[in-house]
Amino acid sequence: MVGKMTTDHHADSSQVRPAELFGINIQAMSTITFDTLKFVERLEKAGATRELATAMAEAQREAFAEALDTALATKSDIRTVRDDVVKVERRMDGLDSKLDKLQWMVGIVIALAIANFAKQYF
């Protein structure tokens, strides 16, 4: 009677997340193992009936599941996000380099256009 809860954290599929713009797929999964049998036995030793102990164990398992869906992140979730941030930073560095090249190219084209204009009229 050991309960294992697993939940997927997914954003609304109609929204494009920033990570998706960079080709990164973030799907973190959190898991907590909760030994419901041990929990029930402990409550029974404290004087609770089997029915009450079982109901409390189920309520506790549901509370854990809800917490995972709404607020908790595991170390694995955090590592995954950190790795994805590093990937995004690398892509941003590559875009900065391309933007610098583009700025130089536009500057050269403008300089050539001004030189051509000056040559024709002066």
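Looking at segment 34-69, which of the residues that are of a type in the set (Gly, Ala, Ser) and touching a strand residue (DSSP E or B) at 6+ places or on another chain (Cβ under 9 Å) is modelled with the highest pLDDT?
It comes out as Ala57.
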- Does Asp96 satisfy being within 28 Å of the chain's Cα centre (by Cα), acidic (Asp, Glu) and assigned to a helix (DSSP H, G or I)? yes
- Message: Please go through segment 74-88 and give me each residue that is of a type outside the set (D, E, K, R), within 10 Å of the chain's Cα centre (by Cα) and surrounded by fewer than 12 Cβ atoms within 10 Å (Cβ to Cβ), ordered by number.
- Response: Ile78
- Can you confirm whether segment 35-54 contains a residue that is open to solvent by 60 Å² or more (accessible area, probe 1.4 Å) and of a type in the set (Gly, Ala, Ser)? yes
- Pairs under 6 Å by beta carbon, first residue in contact (Cβ under 8 Å) with a residue 12 or more places away in the chain in segment 87-116, partner surrounded by 10 or more Cβ atoms within 10 Å (Cβ to Cβ) and among the hydrophobic types (A, V, I, L, M, F, W, C), six or more apart or different chains? Lys87/Ile24; Val88/Phe22; Arg91/Phe22
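The values are calculated or read from the model by the stated rules, or taken from the named source; none is laboratory data. Nothing here was measured: the structure is a model prediction, and the numbers come from that model. Note that each Cβ is placed from the backbone with ideal geometry, even for glycine, and that neighbours are counted across all protein chains shown. Areas reflect the complete protein model, heavy atoms only, side chains present, ligands, DNA and RNA absent. Shrake-Rupley method; radii C 1.70, N 1.55, O 1.52, S 1.80 Å.
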